[in-house]
Amino acid sequence: MDRSVWMYQIERVTIEYLEHLSHFLKVAEDDRVKKGKSKVHCPCKNCLNWECFADLKTIKSHLIEKGFMQSLLPGFCLLKYRVIGFAYCCELAA
């Protein structure tokens, strides 16, 4: 399913949304570990990638409750993490 559909067009309480969200967070966690970072920015509508968390459960709950910020549509490039749309906390946010 296209990212613009599951992120923005289906209800956030459906099994389908939760399955895609789990995969999204798994990719983010794998990349965070690979990059040696301790935190991940939250792409929810409220945090807007400015807040970062070490616990992905917090990000998951934000994305279920509030949804993704609109700028994560395909083609959006945020810093160098353009593939999954996450910006990872670095020295600036540590």
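The values are calculated or read from the model by the stated rules, or taken from the named source; none is laboratory data. The structure presented is a predicted model; accordingly, all values stated were derived computationally and were not measured. Note: ideal-geometry Cβ built from the backbone for every residue, glycine included; neighbour counts use all protein chains shown. With ligands, DNA and RNA removed, areas are computed over all heavy atoms of the protein, side chains included. Shrake-Rupley method; radii C 1.70, N 1.55, O 1.52, S 1.80 Å.
Please give the number of the condition Ser71 fails out of (1) surrounded by fewer than 18 Cβ atoms within 10 Å (Cβ to Cβ); (2) at pLDDT 90 or above; (3) closer than 17 Å to Trp6 by Cα; (4) touching a Leu at 6+ places or on another chain (Cβ under 9 Å).
So Ser71 meets the others, but not (2).
Restricting segment 14-23 to residues that are aliphatic (A, V, I, L, M) and touching a residue at least 12 places away in the same chain (Cβ under 8 Å), which is farthest from Phe68 (Cα to Cα)?
For segment 14-23, the residue satisfying everything is Leu18.
Pairs needed: first member in segment 1-13, touching a residue at least 24 places away in the same chain (Cβ under 8 Å); second member anywhere, loosely packed, with under 13 Cβ neighbours inside 10 Å; C-beta distance under 7 Å; at least 6 residues apart or different chains.
Arg3/Pro74; Ser4/Pro74
Identify, please: which residue in segment 24-38 is touching a helix residue (DSSP H, G or I) at 6+ places or on another chain (Cβ under 8 Å) and free of Cβ contacts under 8 Å to residues at least 40 places away in the same chain and is, among those, least open to solvent (accessible area, probe 1.4 Å)?
Per the stated criteria, the residue is Leu25.
Show the residue pairs that are 6+ apart or on different chains and have beta-carbon atoms under 7 Å apart, the first residue being within segment 44-55 and within 17 Å of Tyr8 (Cα to Cα), the second being open to solvent by 70 Å² or more (accessible area, probe 1.4 Å).
Close Cβ pairs (under 7 Å, with a partner that is open to solvent by 70 Å² or more (accessible area, probe 1.4 Å)) do not exist here.
Condition check: out of contact with any strand residue (DSSP E or B) (no Cβ under 9 Å at 6 or more places or on another chain), at positive phi and modelled with pLDDT under 90. Does Gly85 satisfy that?
no
For residues that are acidic (Asp, Glu) and in a helix (DSSP H, G or I), scanning just segment 24-62, find the one that is nearest to the chain's Cα centre (by Cα).
Once the filter is applied, the top-ranked residue is Glu29.
Being out of contact with any strand residue (DSSP E or B) (no Cβ under 6 Å at 6 or more places or on another chain), charged (D, E, K, R) and at pLDDT below 95 narrows it down to one residue among Lys80, Lys60, Lys37; which is it?
Answer to the selection: Lys80.
Can you find, within segment 1-23, the residue that is least open to solvent (accessible area, probe 1.4 Å) among those that are assigned to a loop (DSSP other than H, G, I, E, B) and among the aliphatic types (A, V, I, L, M)?
Taking the candidates together, the pick is Ile10.
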